[in-house]
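Here is the structure we will look at.
The values are calculated or read from the model by the stated rules, or taken from the named source; none is laboratory data. Small disclaimer: the values here were computed from a predicted structure and weren't measured. Positions of Cβ are generated from backbone atoms using ideal geometry, with glycine treated the same way; all protein chains shown enter the neighbour counts.
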Amino acid sequence: MPVISELVSNRRPGYGLEHAFYVDPQIFDVDLERIYRQHSLLVGPVCRVARPSDIASFAKGQFSLWTIKSPMKKFFVISG
């Protein structure tokens, strides 16, 4: 796997990213880790968990989330 910091430092302003950013599965996994595990995301409309005990899931790569509405009408998110 190419070192991401080297690929970024070689980037030319006004041009696309290196080919590896688009096709390397390890770079994709790093993106998922940095984006999905460290930031809030909108993963779907609230109506998907409209009733208490409803569950909605979201998956991207090896990353997954479950949104659950409790009987007390609070929302919980579990990642795995």
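Things to note:
- Taken over the range 23-54, residues that are in contact (Cβ under 8 Å) with a residue 12 or more places away in the chain, over 17 Å from ILE78 (Cα atoms) and of a type in the set (Val, Ile, Thr) amount to 2.
- VAL30 vs. criteria hydrophobic (A, V, I, L, M, F, W, C), under 30 Å from VAL3 (Cα atoms) and surrounded by 12 or more Cβ atoms within 10 Å (Cβ to Cβ): yes
- Flag for VAL23 being out of contact with any His (no Cβ under 7 Å at 6 or more places or on another chain), modelled with pLDDT of 85 or more and loosely packed, with under 10 Cβ neighbours inside 10 Å: yes
- Considering each residue of the range 38-49 in turn, at least one proves to be surrounded by 13 or more Cβ atoms within 10 Å (Cβ to Cβ) and touching a Lys or Arg at 6+ places or on another chain (Cβ under 6 Å).
- PHE75 satisfies every condition listed in (1) surrounded by 13 or more Cβ atoms within 10 Å (Cβ to Cβ); (2) outside the structural domain of VAL8 (by TED's automatic domain parsing) except (1).
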